[in-house]
Amino acid sequence: MTVADKMRTETAQTGTAEAAEDPTWDTSWTDADESGTPKSEIRPESEDDHIARVVAVTGELVGSMPHEEGMFVIEQMIESEAKRLYGRGLKAPDIAAYVRDIIGRVGFPLPEQALRRAVTRAITSEVASAGRLDFTATAYVQRLKKEVRRWDDSDKFGFGIEELDNSFGRLLPGELLVLVGAQGSMKSSLMLTGIEQYLTTNPNGTAMLFSLDMAPEVIAERLLQREMHATADRVRWHVKNETESFKCAMKKIRERYADRLLIYGAEAPTAQLMGKCERMTIDDLKNEVEAYMPSLVAVDYLTLLRKPRQSDLDCVNEVMPTLKEMAQRYGIMFLLLSQMGRASKQLQASGSLFSGSAKGGGIVEELANAQIDLFKDAPLEPYGAPRIIATVSKTRRGVAGRSFELAYDGESMSFTGQARPVRREREQKPIFKAGLF
């Protein structure tokens with residue numbers, strides 16, 4: 001048995017299961033002199049003496065070995081020295097220069113990248129063993145595995161519109177989806193469709209809706225419209241007369257949502273308790289979300305979270321990072337509605353591809369995992385109903401750039417779940433032309 005094989009055998013007998021998967025070999029063999037006396041029992045050596053001893057021991061070993069076995073000993077020496085020096089506070093470049101000098105004295109041909117890889121592996125192992133953060137890809141895969149096991153197949157958000165859901169890739173815990181559109185583009189209706197779909201398909205799901213634009217009573221009316229398939233005026237008549245249709249709808253809503261859907265208005269809850277009239281801000285929203293820890297949060301709409309004397313830009317620059325941090329920390333899905341800037345409205349109406357910018361700046365699209373732009377297009381036939389077009393402008397899992405016409409029931413203000421792909425009537429002209437220079 002070779003010296004290297006002997007060291008491998010000893011490590012396998014004394015190492016842990018983790019060491020077996022990614023071995024960091026025992027290097028205590030360099031801590032004894034030629035007589036076998038442990039280093040701890042002899043006088044402290046100087047750094048020069050230490051280097052001389054490591055060079056002598058390593059050189060003697062690799063000199064009598066095939067190149068492959070010698071490579072193993074060299075890598076073991078590098079890891080041993082790298083851990084020792086890292087414990088003294090040296091940085092990776094200084095450690096690499098140190099062991100490079102030793103290898104030069106030994107006279108063993110070792111590629112620079114192999115040296116760096118051994119140093120990196122040793123430092124990574126030392127950092128992990130010290131309980132500090134592990135930034136290796138393997139560590140993140142292990143964290144992902146633990147995270148995924150916490151969720152079941154229903155723990156994702158979609159609108160129940162298969163073509164659209166497949167295109168933006170659906171939303172997973174810890175992610176943000178933004179619906180961008182001008183007033184009247186049916187953002188709130190699509191939001192409610194998504195919330196209904198999520199709570200129906202996920203019996204353990206909980207949702208919080210911050211309706212900052214419409215009063216909570218209007219949201220309740222919208223829910224009744226969907227359940228009763230009636231206009232708002234008709235729903236109010238049923239409510240006023242407490243008809244059997246209204247009672248039946250109320251029972252179904254109670255059974256479907258129970259305490260799983262919380263609806264907030266524009267006023268901050270703490271201010272309401274104190275009899276004050278103060279608008280909801282991102283601080284109030286964060287307090288409520290952390291108090292209940294829902295699995296889905298919907299905000300209608302972003303810039304209405306602005307604080308007194310705060311611009312839309314400053315509001316969004318504060319709100320988006322806060323929501324992103326909450327989403328990732330607590331594994332919450334966020335559905336955010338945003339008005340469209342004036343310039344984007346004009347571009348969208350002209351058929352431009354460069355449209356859909358959220359009001360308040362580019363940070364909305366930058367931090368969102370997916371973005372869907374909504375546009376109320378003109379009817380194809382005279383006196384026909386307007387058409388609702390949804391374009392997936394950003395996605396990290398699906399197919400960006402696809403557009404769909406969403407089937408919409410105007411009476412109940414709800415989407416039917418049907419959609420068909422559409423393309424822009426005004427084709428974009430190429431900006432660049434190929435040719436010889």
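Some observations on this one:
- Applying the criterion of being touching a helix residue (DSSP H, G or I) at 6+ places or on another chain (Cβ under 9 Å) and either charged (D, E, K, R) or open to solvent by 100 Å² or more (accessible area, probe 1.4 Å) (or both) to the residues of the range 268-282, the residue that is modelled with the highest pLDDT is 279.
- Among the residues making up the range 372-391, a single one is in contact with a helix residue (DSSP H, G or I) (Cβ under 7 Å, 6 or more places away or on another chain) and open to solvent by 20 Å² or more (accessible area, probe 1.4 Å): 375.
- Residue in the range 242-253 that is under 35 Å from the mean Cα position of the chain (by Cα) and among the acidic types (Asp, Glu) present: no
- Residue, modelled with the lowest pLDDT, within the range 38-63, restricted to residues that are in a loop (DSSP other than H, G, I, E, B) and loosely packed, with under 11 Cβ neighbours inside 10 Å: 43
- Qualifying residue in the range 83-104 (condition: more than 27 Å from the chain's Cα centre (by Cα), at pLDDT 85 or above, charged (D, E, K, R) and crowded, with 17+ Cβ neighbours inside 10 Å): yes
Table: residues versus (1) at pLDDT below 85; (2) surrounded by 21 or more Cβ atoms within 10 Å (Cβ to Cβ); (3) of a type in the set (Asp, Glu); (4) in contact with a Lys or Arg (Cβ under 7 Å, 6 or more places away or on another chain).
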residue	(1), (2), (3), (4)
80	no, yes, no, no
108	no, no, no, no
117	yes, no, no, no
177	no, yes, no, no
191	no, yes, no, no
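- All conditions but one from (1) open to solvent by less than 30 Å² (accessible area, probe 1.4 Å); (2) touching a Cys at 6+ places or on another chain (Cβ under 8 Å) apply to residue 307; the one that does not is (1).
- Condition broken by residue 14, with the remaining ones in (1) out of contact with any helix residue (DSSP H, G or I) (no Cβ under 9 Å at 6 or more places or on another chain); (2) modelled with pLDDT under 80; (3) open to solvent by less than 70 Å² (accessible area, probe 1.4 Å) satisfied: (3)
- Only residues that are on the phi < 0 side of the Ramachandran plot and not in a helix (DSSP H, G or I) were counted across the range 248-271, and they come to 10.
- Considering the range 226-249, the residues that are hydroxyl-bearing (Ser, Thr, Tyr) and either without any contact (Cβ under 8 Å) to a residue 40 or more places away in the chain or touching a Phe, Trp or Tyr at 6+ places or on another chain (Cβ under 9 Å) (or both) include one that is surrounded by the fewest Cβ atoms within 10 Å (Cβ to Cβ), namely 243.
- Selection within the range 179-189 - in contact with a Lys or Arg (Cβ under 9 Å, 6 or more places away or on another chain) and either open to solvent by 10 Å² or more (accessible area, probe 1.4 Å) or without any contact (Cβ under 8 Å) to a residue 24 or more places away in the chain (or both): 182, 184, 186, 188
- Figure legend. Inter-residue proximity from the range 316-332: first residues under 18 Å from residue 157 (Cβ atoms) and part of a helix (DSSP H, G or I), second residues open to solvent by 10 Å² or more (accessible area, probe 1.4 Å) and not small (Gly, Ala, Ser), beta-carbon distance below 7 Å, spacing 6+ or different chains. Indicated pairs: 324/367; 326/286; 327/175; 330/293.
The values are calculated or read from the model by the stated rules, or taken from the named source; none is laboratory data. All values reported here derive from a predicted model rather than from experimental measurement. All Cβ positions, glycine included, derive from the backbone under ideal geometry; neighbour counts span all protein chains shown. SASA here: full protein model, heavy atoms, side chains in, ligands and nucleic acids out. Shrake-Rupley method; radii C 1.70, N 1.55, O 1.52, S 1.80 Å.
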